[in-house]
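So that we are looking at the same thing, I have put the structure below in structure tokens.
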Amino acid sequence: MSRLLFRFFLSILAIFLISGCAINSGARAKDGAENAGWHGRLSVQVSPSANESNSPARSFSASFELSGTSEAGELIFFTPLGSTAATVQWNPARAELVSGEGARSFDGIALLIQELVGTDVPIPALFAWLDGRDLAVDGWQVDLTQFDQGKITARRFSPSPQAQLHLILEH
């Protein structure tokens, strides 16, 4: 049960981190303001760290809808049949994960992601990547060469554990 719950949380994080396939509903509104809303598919894979060398890689993929900013927003994960699997809401003071397992609160989105995925994810950079901006982050490499086709790939090389995030955004 614990492993299943971990995989579910990893999937949610993967969706949030744009691993796999994610779809962008538009980066700019008519007035030039940012449109902080995306939907698509994501996948996340986290390699075992050095002290977990006997553990298999953890991976997750799901459909998602993301709205807001790195400071406050909402992320919804969907099952293959389209029903809501989990919802994540956050603001500067706290983050909450609501799923069929119940609700869990954290002291911020970074801590929620760290708990679920087992590694840090650069949230401000993730939102920049979703807007097509190549924001550099130590230990991470992003590939936006297929951004016009709605594809984003980000890899964490250091520190351990290594992780890979794929997003496919829908228009």
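The values are calculated or read from the model by the stated rules, or taken from the named source; none is laboratory data. Here the structure is a predicted model, which is why all the values come from computation and not from measurement. Heads up, the Cβs are rebuilt from the backbone with ideal geometry, glycines too, and the neighbour counts pull from every protein chain shown.
I'm told F9 meets every condition in (1) at pLDDT below 50; (2) farther than 22 Å from W140 by Cα; (3) surrounded by 13 or more Cβ atoms within 10 Å (Cβ to Cβ); (4) not small (G, A, S) except one. Can you identify the failing condition by its number?
Just one mismatch for F9, condition (2).
Only one of I76, I168 is crowded, with 18+ Cβ neighbours inside 10 Å, touching a Phe, Trp or Tyr at 6+ places or on another chain (Cβ under 7 Å) and of a type outside the set (K, R). Can you tell me which?
Going through I76, I168 in turn, the sole match is I76.
Within the set of pairs 6+ apart or on separate chains, which have a first residue in region 158-171 that is over 13 Å from R41 (Cβ atoms), a second that is β-branched (V, I, T) and part of a loop (DSSP other than H, G, I, E, B), and C-beta atoms under 8 Å apart?
Note: pairs meeting the criteria are P161/T119; A163/T119; A163/V121; H171/I23.
Just one of the numbered conditions (1) over 16 Å from the mean Cα position of the chain (by Cα); (2) at pLDDT 95 or above is not true of H171; which one?
(2)
Right, here's the next one. Just need a number here: residues in region 90-109 that are touching a residue at least 40 places away in the same chain (Cβ under 8 Å) and part of a helix (DSSP H, G or I).
Here the count works out to 0.
The rows are residues; the columns are (1) more than 18 Å from E71 (Cα to Cα); (2) assigned to a helix (DSSP H, G or I).
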{"site": "L111", "(1), (2)": "no, yes"}
{"site": "Q114", "(1), (2)": "no, yes"}
{"site": "R133", "(1), (2)": "no, no"}
{"site": "D138", "(1), (2)": "yes, no"}
{"site": "Q141", "(1), (2)": "yes, no"}
{"site": "D148", "(1), (2)": "yes, yes"}
{"site": "P161", "(1), (2)": "yes, no"}
{"site": "L165", "(1), (2)": "yes, no"}
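Considering only region 68-88, state which residues are touching a strand residue (DSSP E or B) at 6+ places or on another chain (Cβ under 8 Å) and among the aliphatic types (A, V, I, L, M).
Correct list: A72, L75, I76, A85, A86, V88.
Consider G73 carefully, then state whether it is within 19 Å of R41 (Cβ to Cβ) and touching a Cys at 6+ places or on another chain (Cβ under 9 Å).
No.
Considering only residues that are out of contact with any Ser or Thr (no Cβ under 7 Å at 6 or more places or on another chain), at pLDDT 90 or above and surrounded by 17 or more Cβ atoms within 10 Å (Cβ to Cβ), which ones fall in region 111-125?
Answer for region 111-125, where residues must be out of contact with any Ser or Thr (no Cβ under 7 Å at 6 or more places or on another chain), at pLDDT 90 or above and surrounded by 17 or more Cβ atoms within 10 Å (Cβ to Cβ): L112, P122, A125.
Identify all residues within region 116-128 that are assigned to a loop (DSSP other than H, G, I, E, B) and hydrophobic (A, V, I, L, M, F, W, C); write none if there are none.
Residues of region 116-128 assigned to a loop (DSSP other than H, G, I, E, B): 118-122.
Result: V121, single match.
If L97 satisfies all but one of (1) over 18 Å from W129 (Cα atoms); (2) modelled with pLDDT under 90; (3) touching a strand residue (DSSP E or B) at 6+ places or on another chain (Cβ under 6 Å), what's the number of the condition it fails?
Here L97 meets the rest and fails (2).
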